[in-house]
Structure formats: C-alpha cells, structure tokens
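Quick notes on the structure that follows.
Please treat every number below as a calculation from the coordinates, not as lab data. The shown structure was predicted, so the numbers you read here are calculated from the model rather than taken from an experiment. Cβ atoms come from the backbone with ideal geometry, glycine included; neighbour counts cover every protein chain shown.
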Amino acid sequence: MSVQTGNTASPLAPEWLAVPEDLNALQEPMWARTVERNDDGGLAVAGVSVAALKEQFGTPLFVMDESDFRSRARAFKDSFDAAFADICGGVDVYYAGKSFLCTAVVKWVEEEGLRLDTASGGELAVAARAGIRGERVALHGNNKSDAEINRALDMKLGRIVVDSLAELERVGAIAQARGDRAKVMLRLTPGVHAHTHEFIATAHEDQKFGLSMAEDTTGQAGLSAAEEAVAAASAHPGIELLGLHCHIGSQIFEPDGFAMAAEKLLRFLAAMQEKYSIVMPELDLGGGYGIAYTPVDTPRPAAEIATAMAAVVRSTCAELGIEAPRISIEPGRAIVGSTTFTLYEVGTLKTVRVDAPGTASDGGNNVTYPRRYVSVDGGMSDNARPVLYDADYSAVLASRTSSAAPQLSRVVGKHCESGDIVVRDVYLPEDVAAGDLLAVPGTGAYCWALSSNYNYLARPGVVAVRDGSARLIVRGETEEDLLNRDMGA
Ligand SMILES: Cc1ncc(COP(=O)(O)O)c(C=O)c1O
C-alpha cells in the first residue's frame, strides 16, 4: 500500500472541489467587495487588516463590509424597481432580518430605501429600538403569540403575514377588540418548492408553513385552505386584506421557480378578486436568492432575477386582464451573506490517514491518503449551518500568503462534538500552523443569527468595517454574560 503526498487532487475530496491554482487568491463571488490582500499578504477589508481586527477585537470575529451590505441592498432595490417600473411602479424590498439583525443593520436598510421583514417579537424589539417606522415593517411566523400580535398592532406594522386560518381569526379578533384593523397578507404554499439548481413543481404540502392552495384541503369539496382564508379575511371587520404571499425555499439560483410561483399566485389572486368582488393590491414573492459559499456556486445578479420575474408578472397580468398588484420581495441571505467572513485563529493540527481505492496505476490496491484537521477557536456555536444543513463553506489563510503545497483539510471547531465541522473540505497550504488566522467567507447570513453558547462559548462580536475604520455593531459576549443568568444554588 502506498501513501499519497504532494499537491495533486485528493480522492478524499468531493468531486466539485478542484485544487486551486493559487491558494492565496480570493475567489470572486464568495467575498465582500473591499476584501483584498495587503502588500504583506494579510487580508484586509475596507483598508483594515485582519491583524489589526484580531488585535482590537479578538477571534472568533464576524467581519462585515458595510459598504458591500449597502450596495447589495441597493442593487436589489434598484434592479427590481427598474424591472417592475412599467408593471406596478416598482417593488418594495423587505430585508429578511432573520438572516442577520441588529439596530445598525436596520438603519442601513432604511437608509438604502428598503423595508424590514421580522419573524418574532424579539426581532420587532430590534426594529423598534432602531427607530424604523412600523409601516415599513412586516411580521411573519407560523405561531405568533397574542403578545406578538399586539406588539405588531402597537407598532402599526405595514403588514402581518398570516399563516393559518386559526391565526387569521386570532389576529382579526385582537385587532377588532382594540378598535383596529390589522393589515394582513396571507401566506400560501403554491406547490413550488425550490432548492439551489432544482425546483420541484409538485405539491409541497408536507411542511409547517402556509395555507395550501390545493383544493379539498378544507374537507369541503373544491375549497382550498387558501380560498377559505381569503373569504374569511375579506369579510372580517378586524382585517384589511392587503394580498398574498409565498416563499418557495432558500439558496435558489435559477429564476424559474420564482417565476412559476408568481404566475400561480397571480392566477389565484385574479380568481379570488373576481369571485369575492375584492381587490388585493399586493403580492409578496418572498426571498431565497442564492449566494456563493464555494467556488462552484453560481449566484445570479439581482437584475437577472428581476427581469425574469417581471416578464412573467407582466405577461400573466396582461393575459388575465388584471391590474398588477404592487410586488414585494424578501431577500436576506443575498444581501448580507457575502458581506461577511468569520475570522478564526488556528490551534491544534492533526493529520489522519484514510484508505481509499487507488487509481489504475496503483494496480487496484487501496492507497492511504492524508486528511488534515485544522482546529479553530470557534465552531458549530458560531456557524451551525454545516451541522444543520450539511452546508459547504470555503476558507483561506488570512494572516499571510503561503507558497506551500495545497493539502486537503477539514476546518473544525473546538466543541465536544465530532460533527463540529466549519469547512468540510478545503485545500489549505501545507504550512498552516497554530497562531495563523483563517477566514471563512459567506458567513453573514444565518450564522451569527443561529449562534449558541454550546459548551459555554461566548458568542463572537460582529464588526462593521467601512472606509478604513472598524466598529463593533454587536459586541462579543463575555464570561460575565455567560454567567449572569445562572441563578445560583
Ligand atoms: C418568509 C421568508 N421570507 C424570506 C426569507 C429569507 O430567505 P433568504 O435569506 O434565503 O433570502 C425566509 C427565510 O427562510 C422566509 O422564511
């Protein structure tokens, strides 16, 4: 049995992972726009070096490029406004706060002309603290509490997205008791479910969200849960029915699924308007636009998606002879995901040897291949996505460049959990050593937001960098934060 070394592709690597020509290069769509290498080889964002960030804020650290966030937010707003200008005068873009939320981000969102989508009372509290006007905020959730509904009404939210008939009755009753009318959109499941490059145009009813558009879902022949809700909402004195909503999935690259859902909802909207003699002036097509986590991911520019969706909305409305509703969308990941990388310090390193079938030149014998485990000072508590969703990430050596050979590596965290993986497969320079800094791009969305205190690790801070200066927008937790809810013996 032979032992493989050197810089050829490892058979232990997944097929999609190529050995990079230059291990020091920052592959384009994965990184925020101002991230580059300094003359000394270290990474810098908006002119601030990772060495300086580590010195001032420590690691692990979420490093966010503020101007990149702003330009991605504006790109959505401008592209969708342009594509839909002749259809419905533009589009309302609700930034999905669940992807990453703090008061600074709410302010950026407002300054760039976007609105805010929230999914809980806690997210509403952040919105309130940031001072965004309630009319520019939406509230989601499949199990809203009465307190959350009351808070939404107190804040005079622009829309409450209602998820079920029971919730519709509750929102209506609460609003009516207050002498109010809740502005409501109905979340429907259009039977289009998309993920990455594929979308499945079959009923995707087996999930917790939304009102089914499939007929007979009410037990009454021909009546869908969606129609039952439209009828109930339009007759309820405590409800102002604004329109319909759907969200077909996440990390979607191709626009076809969005277009198909738009067409389906428009046909339903037209049918309901006619049947119940009502007007539903708004239609929300949700979020889910994909980003690059690895070099093989191919996200589409916002303008391309907007043009494809506008074409379908334009032609469907013309065919149905209806005035187009005001369109809105809810991107989260595609605005914040690529703005941020996580900075880690390398600690323990270990190389294991794994047997795998050799090539023809190995005479059909097994060959032992090396895989190096690179432990960093965070892990599944600051990025749960690899564990939760099998999500792939990438990484580069951030504190310096290296001309060493590539070695297949697995970046792992420091938790007491063998599944604690940050980057499952990546080629890193062979000479990566304890004390080096690593940067993992694409961690702006659903990483800090999903972070935990597993093993009593303090959650990292989030630093925003802009024009050569860095400031904390969320401070990292301290040991005191970790202990101060422990009530003692
Ligand atoms: C209703 C709704 N809107 C918007 C989003 C944002 O999705 P993304 O961050 O993928 O754009 C989500 C995410 O789960 C969602 O559930």
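Numerical summary
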| read-out | value |
| --- | --- |
| For the stretch 108-193: rounded, prolate or oblate by the Cα gyration tensor [a/c cutoff 1.5] | oblate |
| Two-site label geometry, S452 and K350: point separation in nm, points 7 Å out along Cα→Cβ | 2.2 nm |
| Modelled FRET efficiency - R0 51 Å, A303 with N365, Cβ distances, 0.05 increments | 0.45 |
| Summed side-chain charge close to A311 - residues other than A311 whose Cβ falls under 13 Å, Lys, Arg +1, Asp, Glu -1 | -4 |
| Length-normalised contact order of the stretch 90-331 in % [C-alpha pairs under 8 Å, at least 6 apart] | 18 percent |
| Share of alpha-carbon pairs per 20 Å distance bin for the chain, given as whole % | 22, 49, 25, 3, 0 |
| Residue order, fewest to most beta carbons within 10 Å, for C88, C447 | C88, C447 |
| Cα shape, the stretch 426-470, gyration tensor, a/c 1.5 rule | oblate |
| The chain - charge dipole about Cα centre, Lys and Arg +1 at Cβ, Asp and Glu -1, debye rounded to 20 | 820 debye |
| Segments 470-478, 424-432 sorted - mean Cβ within 10 Å per residue, highest first | 424-432, 470-478 |
| About the Cα centre, charge dipole magnitude for the stretch 90-331 (Lys/Arg +1, Asp/Glu -1 at Cβ), debye | 700 debye |
| Three-way shape label, the stretch 90-331, alpha-carbon gyration tensor, a/c 1.5 | oblate |
| Pairwise centroid distance, computed over Cα atoms, of the stretch 8-75 with the stretch 290-364, Å | 17 Å |
| Cα-based Lys proximity count in the stretch 90-331, under 25 Å, for pairs eight or more positions apart or on separate chains | 16 |
| Taking the chain and dividing mean pair separation by its residue count, relative contact order in percent (alpha carbons under 8 Å, at least six apart) | 20 percent |
| Long-range tail of P(r) for the stretch 253-360 (Cα pairs > 17 Å, %) | 66 percent |
